[in-house]
Structure formats: structure tokens, C-alpha cells
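The values are calculated or read from the model by the stated rules, or taken from the named source; none is laboratory data. From a predicted model like this one, the values you see are computed outputs, not experimental measurements. In this analysis, Cβ positions are derived from the backbone assuming ideal geometry, glycine residues included, and neighbour counts consider all displayed protein chains. The accessibility values were calculated without ligands, DNA or RNA, using every heavy atom of the protein model including side chains. Shrake-Rupley method; radii C 1.70, N 1.55, O 1.52, S 1.80 Å.
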Amino acid sequence: MSKAKSTVIVAGGGIGGLSAALGLAGKGCRVTVLEQAEQFGEIGAGIQIGPNAFHAMDYLGVGDAGRAQAVYIDRLVMMDGLSGNMVAQIPVDEPFRQRFGNPYAVIHRADLHGVLLDACRAHPDIALVNRQRVIAYEHAGGGARVRTEAGDSFEADAVIGADGVRSKIREQLTGGDALRLSGHVAYRAVLPIDQMPEDLRWNAATLWAGPKCHMVHYPLQGWKSFNVVATFQTDISNVGTNEPGTAEEILSRFGHIVPRARNLLEKPKEWRRWVLGDREPIENWTDGRVTLLGDAAHPTHQYFAQGACMAMEDAVCLADKLEKNAGDFNAAFLAYQEERIIRAYRVVLSSRMLGKLYHAEGVERKIRNAVMGAKSPDDFYNSLQWLYGSTGLTN
């Protein structure tokens with residue numbers, strides 16, 4: 001008689017939760033994904049995915065499907081928003097791909113989520129359950145049980161909290177550590193290609209850096225559209241996500257930027273805004289057979305373009321540790337946490353630093369431009385080796 005498969009509940013059906021489901025099902029687990037929304041899907045706009053994300057997607061068996069949805073840019077560009085001059089550029093063409101073993105690309109968040117969702121739907125050991133928001137967990141026998149807002153309970157051998165920056169599982173596990181507001185607001189829009197100014201239709205992820213603000217644009221969806229993100233510093237204290245934004249607010253924050261860039265912000269008919277926050281690093285993500293993953297464990301600002309990438313890496317590491325610990329969840333979760341904590345929080349802290357760098361003013365702006373402008377492609381590649389040259393697994 002064959003041994004019964006281990007069972008896992010994943011709270012959260014975003015990129016991290018679906019990646020975790022794929023990784024664990026690939027190691028012989030039966031996985032139930034609980035998602036609070038009416039249906040499985042993803043909000044937002046474009047995201048950038050580095051070689052490390054493709055390494056993770058390959059491990060999870062969705063690399064080719066992900067590549068088919070991506071747009072392959074030629075370079076990462078930083079422009080000075082006050083002068084209009086180029087500060088620096090990093091080629092991400094063939095030499096970059098050879099160096100890191102995978103490309104740098106941009107993709108619509110919903111398209112990446114769709115690739116993972118299709119793979120989960122096709123897997124016989126993954127069950128997807130919507131309209132179930134996990135609000136608490138408890139230890140049960142040799143496993144764990146979760147309760148949902150709908151009044152239901154689900155029990156399994158282990159629980160993964162992939163329920164995002166406002167994770168109820170993290171809140172219980174930590175006793176309620178505070179969300180750390182950055183004072184930054186991000187406005188996002190997707191612009192049809194025919195509305196994108198022709199002189200900015202670059203095959204690049206372009207960042208315009210300005211005092212206390214910056215904006216980013218790059219092509220999406222087979223060059224049918226452009227992703228536009230504009231971020232500025234403010235004293236807004238509420239933590240909103242995916243709220244309607246106003247053109248008046250955003251234009252008022254970019255009045256000092258060169259017209260070539262600022263004019264782009266007049267094009268979108270609809271903006272959505274997010275107040276950005278993260279949390280201070282913590283030394284423990286795990287409580288017995290319950291652990292955290294992705295933004296629930298290490299929420300990060302957008303500036304390093306690594307939030308989704310880190311979540312996928314978490315899933316790879318978690319699956320790997322479960323296999324190496326012969327299905328022992330207690331040991332696997334602690335090993336996973338130990339492996340991920342430094343790398344993930346290095347991204348969190350680096351993202352904070354990049355936010356300051358992008359928004360530099362006065363003498364700091366001049367120093368930034370001089371230092372970054374002096375770097376060669378190899379200088380940039382060497383500085384990114386720790387991040388892009390790895391799946392996030394050290395052994």
C-alpha cells in the first residue's frame with residue numbers, strides 16, 4: 001500500500017501562492033490554494049522579471065510558457081528628469097543573457113499570473129478554492145488548521161501563508177508587527193501603443209529620476225501597450241491599494257520634470273494608485289508547520305523590481321528543502337527560512353536604498369549621476385551577480 005501524500009494549504013492565490021503550489025505539488029504533495037477574491041486573477045500592470053525569476057520559472061516547469069508572454073528589452077536606462085540627459089544604461093541583450101543564463105524581460109502581471117494559474121489548473125494534485133480569506137491558523141494534531149472569513153475551516157499537514165503584505169497569518173505569527181509606510185505613492189497605467197509618444201517608444205525599461213519623484217515606462221503584451229508607473233513622495237498616511245488616482249494629483253507632483261517625460265503623464269485616461277509600504281525584517285517566519293512566503297514574509301518596495309521574483313524563488317527553495325528533508329515540514333520550513341532570510345531581506349533593504357537614489361536632489365543627485373555614469377556594463381553585471389546569477393538556492 002502506497003504512503004498517503006502529504007497535504008498543504010496555501011493561503012493566497014497570487015504569484016507567490018501559485019508558485020508554492022506548483023513547487024510542492026511537484027514534490028508529491030496535495031495542495032489546496034485558498035484565495036479571497038471572487039475568482040483567481042491578478043490586478044496591477046507590468047512587472048520586470050530578471051534572470052533569477054526565469055531560473056525559478058524553469059524549476060517550476062513554466063519557463064517556456066512565461067517566456068512566450070514576455071517582451072525582451074535591450075537595455076535598462078536611467079534618465080535625469082531635470083536635465084533630460086541619460087545618466088546610465090545597462091545592456092540586457094545577448095552578452096547579459098549569456099552571463100546570467102536567462103534573459104531580462106517585462107511582462108504584464110496578469111499574464112505571468114495566468115501562466116502559473118494554467119499550470120496549477122492542469123495539475124491533478126492542486127485544488128483552487130476562491131472566496132476564502134484565511135483569518136487565523138491553529139496547530140491541529142500533527143499538522144495545522146486555518147479558519148476563513150466565510151466561517152469554514154481547512155486542515156492539512158502544513159500551511160503556507162502567501163497572503164500578501166496584509167497577511168493575517170503573519171499578523172498572528174508575529175503578534176502584529178507594523179506596516180512601515182514609505183511616504184511614496186505609485187501611480188500605474190497601461191497605455192495603448194498608439195497613445196505612447198513616438199520618441200519614447202524605446203525597447204527598454206526606462207526610469208526618469210527626479211527630485212522626490214521618478215517615472216518608469218516599458219513595452220508590454222507584444223508591443224501592444226506600454227506600462228507607465230509614476231512614483232512620488234507625499235505625506236499620505238492611509239495604506240491604499242489599487243485606488244482610483246487623479247491626473248491632477250500626479251501632474252502636480254511632476255511639474256519640475258522635463259516636458260519630454262512629463263507630457264507622457266498627460267496621456268493615460270485612467271490611473272490606479274498604491275501607497276507603498278514594507279515591513280522591518282524579522283528573524284522568524286515559521287511556527288511549527290506554518291510558514292510565510294513572498295510579501296507575507298518580506299514585503300518590499302518596487303524599486304528593485306524583485307517582489308514577484310523573490311516570491312517565486314521562495315517557492316523553489318521551499319520545495320527543494322521539503323525534498324531534502326524527506327517530507328519533514330518542521331525541518332524543511334526552518335531550513336527554508338534560514339536559506340531565504342538574508343537574500344530576501346537584502347532585496348528589501350536594497351530597494352529602500354534605491355528609492356533614495358532615484359529621488360536624490362541637490363548635490364546627492366550630481367553624485368548619483370557621476371557615479372552611475374562612470375560604470376561600464378561589466379561593472380553593473382558584477383554588482384548584480386549575487387542576484388541574477390542564482391535561483392536563490394545555495395546548495
Please enumerate the residues belonging to the range 155-187 that are open to solvent by less than 50 Å² (accessible area, probe 1.4 Å) and part of a strand (DSSP E or B).
Ala156, Ala158, Val159, Ile160, Gly161, Ser182, Gly183, His184, Val185, Ala186, Tyr187
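Residues checked against (1) within 19 Å of the chain's Cα centre (by Cα); (2) modelled with pLDDT under 95:
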residue	(1), (2)
Ser2	no, yes
Gly17	yes, no
Ala21	yes, no
Leu24	no, no
Gly28	no, no
Val31	no, no
Ala45	yes, yes
Phe54	yes, no
Only one of (1) modelled with pLDDT of 95 or more; (2) surrounded by fewer than 12 Cβ atoms within 10 Å (Cβ to Cβ); (3) closer than 21 Å to Ala56 by Cα is not met by Gly362, so which one is it?
(3)
Quick check on my filter: what residues within the range 88-100 are farther than 25 Å from Asn369 by Cβ and touching a Pro at 6+ places or on another chain (Cβ under 7 Å)?
Arg97, Phe100
Considering each residue of the range 156-181, count those that are more than 30 Å from Cys213 (Cβ to Cβ) and touching a residue at least 24 places away in the same chain (Cβ under 8 Å), and give that number.
14
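Residue-by-condition table, conditions (1) within 21 Å of the chain's Cα centre (by Cα); (2) surrounded by 15 or more Cβ atoms within 10 Å (Cβ to Cβ):
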residue: Arg201; (1), (2): no, no
residue: Val216; (1), (2): yes, yes
residue: Pro219; (1), (2): yes, yes
residue: Ser225; (1), (2): yes, yes
residue: Glu266; (1), (2): no, no
residue: Arg289; (1), (2): no, yes
residue: His301; (1), (2): yes, yes
When Ala331 is evaluated against the numbered criteria (1) open to solvent by 10 Å² or more (accessible area, probe 1.4 Å); (2) touching a residue at least 12 places away in the same chain (Cβ under 8 Å); (3) under 23 Å from Thr174 (Cβ atoms); (4) not aromatic (Phe, Trp, Tyr), which criterion, by number, is the only one it fails?
(2)
Pairs only if they're at least six apart or on different chains, beta carbon under 9 angstrom, first in the range 182-195 and on the phi < 0 side of the Ramachandran plot, second among the small types (Gly, Ala, Ser) and part of a helix (DSSP H, G or I); list them, first residue then second.
Ser182/Gly355; His184/Gly355
Unmet requirement for Gly362, which otherwise passes all of (1) touching a Cys at 6+ places or on another chain (Cβ under 7 Å); (2) at positive phi:
(1)
Of the candidates His123, His113, the one satisfying the condition of being in contact with a helix residue (DSSP H, G or I) (Cβ under 9 Å, 6 or more places away or on another chain) and closer than 15 Å to Glu42 by Cα is His113
Of everything in the range 275-302, what is farther than 13 Å from Leu179 by Cβ and part of a strand (DSSP E or B)? Give them in sequence order.
Thr286, Asp287, Val290, Thr291, Leu292
Within the range 257-269, of all residues that are touching a helix residue (DSSP H, G or I) at 6+ places or on another chain (Cβ under 9 Å) and in a loop (DSSP other than H, G, I, E, B), the one farthest from Trp208 (Cα to Cα) is Lys269
From the list Tyr336, Tyr303, exactly one residue is at pLDDT 95 or above and of a type outside the set (A, V, I, L, M). Which is it?
Tyr336
Enumerate the pairs (first residue in the range 69-81 and within 20 Å of Ala230 (Cβ to Cβ) and open to solvent by less than 10 Å² (accessible area, probe 1.4 Å); second residue anywhere and part of a loop (DSSP other than H, G, I, E, B) and hydrophobic (A, V, I, L, M, F, W, C)) with beta-carbon separation below 6 Å, excluding pairs fewer than 6 apart on the same chain, so at least 6 apart or on different chains.
Gly81/Ile257
Selection from the range 69-87 of residues within 13 Å of Lys375 (Cβ to Cβ) and in contact with an Asp or Glu (Cβ under 7 Å, 6 or more places away or on another chain) yields Val87
Answer from Thr241, Thr231, Thr206 - the residue that is at pLDDT 95 or above, of a type outside the set (Gly, Ala, Ser) and surrounded by 15 or more Cβ atoms within 10 Å (Cβ to Cβ):
Thr206
Which residue, of Gln98, Gln89, Gln132, is in a strand (DSSP E or B) and among the polar types (S, T, N, Q)?
Gln89
Residues (part of a loop (DSSP other than H, G, I, E, B), in contact with a Lys or Arg (Cβ under 8 Å, 6 or more places away or on another chain) and open to solvent by less than 10 Å² (accessible area, probe 1.4 Å)) located in the range 8-55:
Cys29, Ala45
So if I check each of Leu276, Leu264, which one is closer than 30 Å to Met196 by Cβ and touching a His at 6+ places or on another chain (Cβ under 6 Å)?
Leu276
